[in-house]
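Have a look at the structure below, then the notes.
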Amino acid sequence: PSETIEELRRVLPPAASPLNPVDILGDAPAERYSRALEIVARSGSADMILVIALLQSPALDGSALVKVLAGAARSYGKPIVAVMPGGEYSEKYMAELEKSGVPAFKTPAEGVKALRLLYSFVEGRRRVLARRSAVSRGGLHGWGT
C-alpha cells in the first residue's frame, strides 16, 4: 500500500527502495532492519517476510541483527526467513537464529523455497479444513475441486 511505501521512505536513506522487494541498502545497521521490518509487518500487506542480510558490512552487528529478527518473528506473528550469504562468518549467526526459531539459509533460492513450502502447507491445510467443514454441514460441496 502507498502508506507503507511513504512510511518506509521517511525512515530509509534516499537511495533505498521502499518498493517490493524493499531494499534497505548494504550499509544497513540492525536498527534499519528493525524499522523496515516493523513497517512492513504491521502494514498488513505481507503474509511472510524474507530478509537478506549481508553480514560482512562493517555497519552491521550480526548479533544485534539476530536479536532484531528473533524479536520480530515473536512480535509480528508472521513467518520470517533469513538469508545470510557469506560462508563461515555467516554460519555462526545463522545458528543463533535457528536456535531462536528463525530459519536461516545461505542463498535466496533456499529461503524462497522454504517460504513456498510453508505457503503450500498452510494453503493445503486450509483447503482440508474447509472441506471438512463442508462435510460436517451435511454436504460435499467443493470436494475434489
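Some notes on this structure:
- The single residue among Arg126, Arg137, Arg132, Arg116 that is at pLDDT below 85 and within 30 Å of Ile52 (Cα to Cα) turns out to be Arg126.
- Boolean, Pro79 is under 28 Å from Tyr119 (Cα atoms), without any contact (Cβ under 8 Å) to a residue 24 or more places away in the chain and under 15 Å from the mean Cα position of the chain (by Cα): no
- Positions within region 39-56 being closer than 20 Å to Leu118 by Cβ, in a loop (DSSP other than H, G, I, E, B) and either more than 9 Å from the chain's Cα centre (by Cα) or of a type in the set (Asp, Glu) (or both), in sequence order: Gly44, Ser45, Asp47, Ala53
- Residues being surrounded by fewer than 18 Cβ atoms within 10 Å (Cβ to Cβ), touching a Pro at 6+ places or on another chain (Cβ under 7 Å) and under 21 Å from Lys67 (Cβ atoms) - total across region 1-36: 1
- Region 88-104 - residue that is surrounded by fewer than 20 Cβ atoms within 10 Å (Cβ to Cβ) and not small (Gly, Ala, Ser) and, of those, nearest to Val66 (Cα to Cα): Glu96
- Scanning region 47-68 for residues that are closer than 20 Å to Glu7 by Cβ and buried (at least 19 other Cβ atoms within 10 Å of the Cβ) returns Ile49, Val51, Val68.
- Selection within region 1-31 - at pLDDT 95 or above and in contact with a Leu (Cβ under 7 Å, 6 or more places away or on another chain): Ile5, Pro13, Ala15, Ala16, Pro18, Val22, Ile24, Ala28, Pro29, Ala30
The values are calculated or read from the model by the stated rules, or taken from the named source; none is laboratory data. These figures come from a predicted structure and were not determined experimentally. Cβ sites come from the backbone with ideal geometry, for glycine too, and all protein chains shown count toward neighbours.
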